[in-house]
Amino acid sequence: MLGVDIGDKLLRAAFRKTKEQINKNKGLICFTKSWHNPLMWGHYAEKHTGMCLGFDIPDRLLARVIYAKRLLKMEHDPNSREPKPTEKFMDKLLRTKFSDWKYEDEMRLFVELDHGTVESGKYFYSFSEDLMLCEIILGPLCELPIEGIRNIVEDLKPPVVVIKSRIAFTRFEVLKHKIGSLTRSKG
């Protein structure tokens, strides 16, 4: 029979308590630095049928994800020998993912949750000077009409660029579809 040592129980309890405290009022929005990876489109854009939103965000607000092969180890208080989740450790913990996710090249924006914006259990974060929509990339298999999307965002400031994407012919990459992104004449 395997036993669980008291240190493990304290560690799990400390993690659980810290996670609950963070989840009450904090949220995160995840971004990638490039929309060209086909695996991202397969995982996050309904198998290439969705769209990608591009934002301008000040670097000072973004936290780079750390990709690791091993779980982080929490320090223990030398006197009580209890787990001690320091601010430095928590920052690292909130930004660490398993190394196999490295293809995402993820950046995170940590935000305060506005409990007044909850709809069906989901929180929303408004566009602002710190989160400016600048482009919309329609997936290679997206059936939404590009002109319809352009009409929706035509009055936004700064202007939002809307393009159609395609799968590259000679490499594993999603690219701008130059012909599909042209403005079609009306009439």
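Out of all the residues in segment 62-73, is one or more over 20 Å from Asn25 (Cα atoms) and in contact (Cβ under 8 Å) with a residue 60 or more places away in the chain? Checking segment 62-73: not a single residue is over 20 Å from Asn25 (Cα atoms) and in contact (Cβ under 8 Å) with a residue 60 or more places away in the chain. Within segment 139-183, being closer than 15 Å to Met40 by Cβ and touching a residue at least 60 places away in the same chain (Cβ under 8 Å) holds for Gly139, Pro140, Leu141, Cys142, Ser165, Ile167, Phe172, Glu173, Val174, Leu175. Exactly one residue out of Leu62, Leu11 is within 24 Å of Phe127 (Cβ to Cβ), surrounded by 12 or more Cβ atoms within 10 Å (Cβ to Cβ) and among the aliphatic types (A, V, I, L, M), and it is Leu62. Filtered by the rule that a residue be polar (S, T, N, Q) and over 29 Å from Glu129 (Cα atoms), segment 60-104 gives Asn79, Ser80, Thr86, Ser99. Total residues in segment 104-131 satisfying the condition of being within 16 Å of the chain's Cα centre (by Cα) and surrounded by 13 or more Cβ atoms within 10 Å (Cβ to Cβ): the figure is 13. Residues being hydrophobic (A, V, I, L, M, F, W, C), in contact (Cβ under 8 Å) with a residue 40 or more places away in the chain, under 26 Å from Ile66 (Cα atoms) and in a loop (DSSP other than H, G, I, E, B) are entirely absent from segment 89-106. In segment 22-43, the residues that are without any contact (Cβ under 8 Å) to a residue 40 or more places away in the chain form Cβ pairs under 9 Å with partners that are assigned to a helix (DSSP H, G or I), at six or more places apart or across chains, as follows: His43/Glu104.
Since every read-out is calculated from the coordinates, none of them should be taken as a lab result. The shown structure was predicted, so the numbers you read here are calculated from the model rather than taken from an experiment. Don't worry about glycine lacking a Cβ; one is built from the backbone with ideal geometry, like all the others, and counts go over all protein chains shown.
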